[in-house]
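Comments concern the structure below.
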Amino acid sequence: MKNKYVPFLCTFVTLLIVCLFINPLKWSYRSNFQVVTEDRPYGFEPVNCWFSPSSDWPISECYYMNVPEDHSTSGSKTISFPVVVFRSPSLITNKMPVLHLGAGGPGAPMYLDSTASIKNIWSNHDELSINQGRDLFIIDPRGTGLSKPLLMCDNFVSNQIERFKKNLSLGVLWKKINKDYFTCIERFKNQGIKLSTYNSLSIANDIEMMRKAARIDKWVLVGVSYAATYAQVIATKNPSSVESMILDSATFPSIKSHDSFIKRSMAGYEALYNYCLNDNSCSRPLPNLKKRIWSLHKQLNNSPIPMFIEHPYENKSIQIILNGERLLAAFIQGTYNEQIFIDLPKIITELETRKHTSITPYINDLAAYLLDKTYGDVSTISHYCYEDKPFTDFELIQKLAGKLPEGYIRSTTLLALEQPDYCDEIQIESVDPIVSMPTRTDIPVLFLHGELDSITLLSNVIKQKKAFINSTLIRYQLSHDILGSSECAEIAAAKFIKGYKMDMLTCEEI
């Protein structure tokens, strides 16, 4: 008797042959990676993952990508940066992978060795990647996080614990910090590290080398904060390698320190002064808020509040002398998240009675930032020296600084201009103008930006968007890092990648 399954099996085999051989559907990007060998120093190096996935996680793979420190020099020594790959469950797909270019900064780590962190990352991006048949790649760029070498100034971190215990003026504090960084830069140089190669152009070259080693045709690039600059340099240098881009809380290569200088200098302070406008639950602001902030700054400098917090990375408590300088630093750091606008009234009224309960979470965040041993702070400096300082009009900044409000803001700005910038020590040999060029592209781009963002200004996105011919901007009542804060943004990004026409301006219209 004829087997009733034979026609079905024949049809299935025929379709499989068509899929695999006649029309491969561009699934070659899922073929084996080019790995390092004794004769091939550059490529992927498989390693055990730095986190502990649960059984309900997507399939994960971890690598170090080995690249030349200097792409322009033959025989340059090898450095490496970490790569995590989450595989989609699709066996056959024609969809290109998504590459998350890191935490920005520049120099900020993705905490790829933290199980909680890595879970948040893939769960905030699964709708726009693995759930639609796209593998998700996540990296720490060279110089930061789990990269080798990590350009972190350990002198700064170790000495910061002692500085927390003292009521230091800003001038004295900066002198001590400068000493730390000169020491670290000298040590890195003595180790043979070419600091001038840690910049956006080198990272773009790293990504292109990784794309080829992974046998990928094109990426969907996700760039958050300063990593949006990496995405744009990649798109300018290698446009055929980019399918589309999602730029979240974007920076831009052509915007330098002198651009919108007054507005950018005042953005964090203005956000605090106008906190009630940014808090939907606030119907009436604290009276004389600006005066009360600066009065607290003065009072705490004269009579600081000693407090203890848990060390963010070690099992011990540390003392912090809460003076006016640290209060302002915690406030400005706090504007990365919109929660500060809800908490500010209570913080102010408590501190006026010498209580510090409400400010403590923000002091914890400040300490976590300053004591982070995976933050590539020297990489931050090398980025500045390569792609910011050579294109900055310092004479204009000096003139504009005189227009800032009298007192602390103007004085500290002028003081900062007098501080060494370490660039002579780093010894940059050349500058490529690609790191300062305006981005002009017809690659599909989705901008996600917070209306409360005082770190990267929405006005800059609106102005720059004109050169992104095929782009959409969606705005949110949020601060910085939209994909990490909004499920709505993830859905919007997923629809954008699928090719939906995105002509709305607000989240509610999705």
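The values are calculated or read from the model by the stated rules, or taken from the named source; none is laboratory data. What you see is a predicted model, and the numbers here were worked out from it, not measured in a lab. Cβ sites come from the backbone with ideal geometry, for glycine too, and all protein chains shown count toward neighbours. Accessible surface areas use protein heavy atoms only, side chains included; no ligands, DNA or RNA. Shrake-Rupley method; radii C 1.70, N 1.55, O 1.52, S 1.80 Å.
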* Asked: Cα gyration tensor of the range 68-175, axes a ≥ b ≥ c as square roots of the eigenvalues: rounded (a/c below 1.5), prolate (a/b > b/c) or oblate?
  -> oblate
* Structure fact -> Summing -39500 (n - 2.57) over every DSSP H run of at least 4 residues in the chain and dividing by its residue count gives a helix-only mean residue ellipticity at 222 nm, to the nearest 500 deg cm²/dmol, of -11500 deg cm²/dmol
* Asked: Cα-based Rg (one decimal) and Dmax (whole number) for the chain, in Å?
  -> 24.6, 98
* To do: May I ask you to derive the relative contact order of the chain, considering only C-alpha pairs under 8 Å and at least 6 residues apart, and to give it as an integer percent?
  => 17
* Tell me, what HN-Hα J-couplings in whole Hz come from the Karplus equation 6.51 cos²θ - 1.76 cosθ + 1.60 at θ = phi - 60° for each residue of the range 344-352, using x for Gly and Pro? -> 4, x, 5, 4, 4, 5, 5, 4, 5
* Structure fact -> By the Kirkwood definition, with r running over pairs of different Cα atoms, the range 181-274 has a hydrodynamic radius in Å of 15.8
* Amide H within-cut-off set for residue 473, under 5 Å, with H built and near neighbours excluded -> 447
* Given the Cα atoms of the range 236-325, and with Rh set as the inverse mean 1/r over their pairs in the Kirkwood sense, what is Rg to Rh to two decimals? -> 1.14
* Structure fact -> Computed over the chain: longest principal axis from alpha-carbon atoms vs helix 377-387 long axis, angle to nearest 10 degrees, is 80
* **Relative contact order (%) - the range 312-370, alpha-carbon pairs under 8 angstrom, separation at least six** => 46
* Cross-link partners of residue 373 among lysines (Cα-Cα below 27 Å; sequence separation of 8 or more within a chain) -> 77, 119, 148, 165, 166, 175, 176, 179, 189, 194, 316, 389
* Asked: Expressed as an acute angle from 0 to 90° and rounded to the nearest 10, what is the orientation of the C-alpha long axis of helix 261-273 relative to the principal long axis of the chain?
  -> 80
* Structure fact -> Quick calc, the chain, dipole around Cα centre from Cβ unit charges on Lys, Arg (+) and Asp, Glu (-), nearest 20 debye, gives 440
* Asked: To the nearest 10 degrees, how steeply does helix 200-213 sit against the main Cα axis of the chain, on a 0 to 90 scale?
  -> 20
* Per-residue SASA entry for residue 475, accessible area with 1.4 Å probe, Å² rounded to 10 -> 80
* Structure fact -> Reduced to Cα centres, the span from the range 239-294 to the range 46-79 in Å works out to 35
* To do: Would you kindly find the accessible area of residue 230, with a 1.4 Å probe and non-protein molecules such as ligands, DNA and RNA excluded, rounding to the nearest 10 Å²?
  => 10
* Could you list the residues of the range 80-100 with an amide nitrogen less than 20 Å from a label point located 7 Å from the Cα of residue 37 in the Cα-to-C-beta direction? => none
* Asked: Any idea of residue 383's accessible area? Nearest 10 Å², probe 1.4 Å.
  -> 0
* **Restraint check, 256/290; 298/346; 256/498; 298/403; 218/498; 218/495, Cα-Cα greater than 25 Å** => 256/290; 256/498
* Quarter of the Cα convex hull surface for the range 308-364, i.e. its orientation-mean projected area (nm²) -> 4.0
